[in-house]
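The values are calculated or read from the model by the stated rules, or taken from the named source; none is laboratory data. Predicted model only: the values in this text are computed from it and were never measured. Ideal geometry is used to build each Cβ from the backbone, glycine not excepted, and the neighbour counts take in all protein chains shown.
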Amino acid sequence: MPASRVVGTKMRKKFSIGLYAVGLALVLAGCGGGGGSPSVPSTAGGGSGSSGGGSGTPETPTPPVATPSLTLAIYGADGAVSKNIGLGGSFVARASLRDASGTAVAGRTVSFTLPDTSFASLSPTTALTSSAGVAEVAIVPASLTAAGATTLTATATLGTATVTGTTDFSITSPNLSLSALTASSTSLVSGGSTTLTVNALIAGSPLTAQPANIAFTATCGRINGIDTGTTVSTNGSGIATATYSAVNGAGNLCSGPVTIAATTAGATSVNTSVTVAAPTATAVTFVGASLPQIYVAGAGNPEQSLLTYKVLSSVNTPLSNQTVNFTLVQTPIGVTLSQLTGTTDSDGLVAVTVSSGTVPGPLKVRAALASSSTVFAESQNLTVASGPPSQKFMSLSVSKFSLEGAVRDGTATTLTVRVADRQGNAVVDGTVVNFTAEGGQVGSSCATATVGQISSCSVNFQTQNPRPVNGRVSVLAYLEGTKDYVDNNGNNRYDPGTDTLIQLGDAYRDDDEDRLYDSSKDAFVFARAVQGACPSQTNGAFPSRGGTCDTAALSTTVRQQAVLLFAATSPQLEVVQQTASVFEFKLGSSGVGLALLPMPAGTLVAVTPIDNSPGNNISCSVNDFSGSTVADVAPQPGSPLEDLRTLHLASLKDCAAGDSVKVSVTVPSGLVTEKLFNLP
């Protein structure tokens, strides 16, 4: 119960007792001398008095009920009650609990509360009363900037009664200041560090009651690893420490004077200064090349690469405004540099452009500090390559030419292109080769990859419609590249008017294999929109349309053609010799227009003699047989009129006229065809 409430109760109690005493005296006086009895008004219903000797009975007042009490006050370190708290002092909130008889109550929980904990804080918020009935908690301002007034409340429970005590108090802003900011070292090496120290003070004494947040900033560099500075809380002695580093987050070094400041709310900021030595370059690194491989001049491919280097300090940070000298350490003839000297930028980077000459080979460029030529770095894995694919170095190979495809779909073969530049070196990975076919189906393109230092790529081909009547299917592989030339001046580059260019016209697929372009017969041409005198190519593997040559340009469509055979499943057999000792025959595909084609590659052939004359006491047998397997045609299927049938010879033993020979032909799909021949 508030103290004011307790006081009021005591006053009412005294007032009631006084009235009771006065009333009692009056009654006693009415019963006094003379036997007379004055009339006494009734204080209860129905009572009456009379002057004729009647008597009245007065009502007895009820005394007030006593209640427990809880008094609350704030005390300072000197033990006196205080209505004001602040930092730097030890303040407690003390509650005294007594029962209705005024006796101290021990071992009871008292709860302390504040309406706004951002104003002040309690530690703890509950406490047990001592043997003297007193419970207390520490009370401090919630922050260095807290100010104003509020009410503290304490509450306890005795039996079913809840008693409460309150007290008002105020907080005044502290007299906060910062000591001088000190650095453990005020002269730093480039990229060096130092420890910063500052004290928070209350009225000139260390702030120990609670921590203060001290913000550190620097005009260059980092505080505790942060570019923009950081905030550090003081310890129990009021001291805040931080680490200053003379390098920023981007890795740039500070140099010269640097100002460092410390600030906190409610106090004047303080600062100090350190001096950082200028950085010194100690290393150069090669960052990389825009292109690791460039090509000889005039090849039609990239001829330049941008090389980038970085200059670093002793603490591995980039340095700007450093002079770097460039030199060619290992280089083919004719390679040049865009500059011999460069200066690093704000990131410590410096670059130089290298341009190829006319000779391929490995290339190395050195970047060295102008201040110390022994500090340098060299480019890595940089090469000048000969150039794009050369017509002279293109090769198309077929895993199987003669396919069981005259009537059968899905018989497969693999087409592989191997391509190199003019020096016979692998072309750049990813060079695209295109394909087109007169019949069947072929993969549209493939991209080269270097495997075992050889550049190649492959596509699949399968038999299907359309099927040319003669069973011959032209397939063309082509890609962008260069013509061949005679390097008359020996500088390894094509010089118009000096070197002799081997002309090539438009690439086309020579479907009728007559080595002349005919738009009505040859269905595909890769036209370059160029007109110039040149004959048609006489080599059927590299079809070139006449009259479409560029006499000055080195570039062309590199090409090569192959012919696949759609062989029949059913064989055609022509006997060449048929005697008692020799049986020889030609084997080819049957059907219209297929008489000159071989059977599919891998066809198995067997000759079995049959003895039809047992009476002669000799047994007809095969002594030797050549051509039991039909080999693939190699290296190309020849001209359209060439006889590609295979020859098979069986040497017979002890055979006689009237005996027979059975020829069995098994094609790759498994079909077996047998034919019987009688020996003359």
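The residues listed here are ASP659, ASP654; of these, the one that is surrounded by 15 or more Cβ atoms within 10 Å (Cβ to Cβ), on the phi > 0 side of the Ramachandran plot and in contact with a strand residue (DSSP E or B) (Cβ under 7 Å, 6 or more places away or on another chain) is ASP654.
Mind checking whether some residue in segment 569-592 is among the basic types (Lys, Arg) and closer than 28 Å to CYS655 by Cβ?
Taking every residue of segment 569-592 in turn, at least one turns out to be among the basic types (Lys, Arg) and closer than 28 Å to CYS655 by Cβ.
Look through segment 252-267, keep the residues that are assigned to a loop (DSSP other than H, G, I, E, B) and of a type in the set (A, V, I, L, M), and return whichever of them is surrounded by the fewest Cβ atoms within 10 Å (Cβ to Cβ).
ALA265
When the residues of segment 297-311 are narrowed to those that are in contact with a strand residue (DSSP E or B) (Cβ under 9 Å, 6 or more places away or on another chain) and over 15 Å from ALA351 (Cα atoms), which ends up surrounded by the most Cβ atoms within 10 Å (Cβ to Cβ)?
For segment 297-311, the residue satisfying everything is ALA299.
Counting only strands (runs of 3 or more DSSP E) that sit wholly inside segment 552-646, those with at least 3 residues that are buried (at least 22 other Cβ atoms within 10 Å of the Cβ) are 555-567, 582-589.
Here is a check on your reading of the model: is VAL451 farther than 19 Å from ASP632 by Cβ, at pLDDT 95 or above and touching a Pro at 6+ places or on another chain (Cβ under 7 Å)? Against the criterion (farther than 19 Å from ASP632 by Cβ, at pLDDT 95 or above and touching a Pro at 6+ places or on another chain (Cβ under 7 Å)), VAL451 does not qualify. Here VAL433 clears all of (1) crowded, with 22+ Cβ neighbours inside 10 Å; (2) over 36 Å from the mean Cα position of the chain (by Cα); (3) in the same structural domain as PHE526 (by TED's automatic domain parsing) except the condition numbered (2). Applying the selection to segment 268-292, what residues are assigned to a loop (DSSP other than H, G, I, E, B) and modelled with pLDDT of 90 or more? Matches in segment 268-292: THR268, SER269, ALA277, SER290, LEU291, PRO292.
Tallying residues that are surrounded by fewer than 19 Cβ atoms within 10 Å (Cβ to Cβ) and touching a residue at least 60 places away in the same chain (Cβ under 8 Å) within segment 356-367 yields 1. Among the residues of segment 112-138, those identified as crowded, with 16+ Cβ neighbours inside 10 Å and under 12 Å from ALA95 (Cα atoms) are PHE112, ALA127, THR129, GLY133, VAL134, ALA135, GLU136, VAL137. When you check THR126 against the structure, is it polar (S, T, N, Q) and without any contact (Cβ under 8 Å) to a residue 40 or more places away in the chain, yes or no? Answer is yes for this residue.
PHE216 meets each of the listed conditions (1) in contact with a strand residue (DSSP E or B) (Cβ under 8 Å, 6 or more places away or on another chain); (2) part of a loop (DSSP other than H, G, I, E, B) apart from (2). Looking only at residues of segment 496-518 that are touching a Phe, Trp or Tyr at 6+ places or on another chain (Cβ under 9 Å) and surrounded by fewer than 16 Cβ atoms within 10 Å (Cβ to Cβ), we find that the one that is farthest from PRO466 (Cα to Cα) is THR500.
Residues in segment 74-127 that are among the polar types (S, T, N, Q) and closer than 17 Å to ALA154 by Cβ: 10 in all. Being of a type in the set (A, V, I, L, M), in a loop (DSSP other than H, G, I, E, B), closer than 30 Å to LEU554 by Cα and modelled with pLDDT of 90 or more is the filter here; which residues of segment 293-348 pass it? Residue satisfying the conditions is VAL335 alone. Among the candidates ALA562, ALA634, the residue that is assigned by TED's automatic domain parsing to the domain that holds ASP510 and more than 15 Å from VAL663 (Cβ to Cβ) is uniquely ALA562.
Of all positions in segment 79-96, at least one carries a residue that is in the same structural domain as ALA154 (by TED's automatic domain parsing), farther than 19 Å from THR164 by Cβ, among the polar types (S, T, N, Q) and touching a Phe, Trp or Tyr at 6+ places or on another chain (Cβ under 9 Å).
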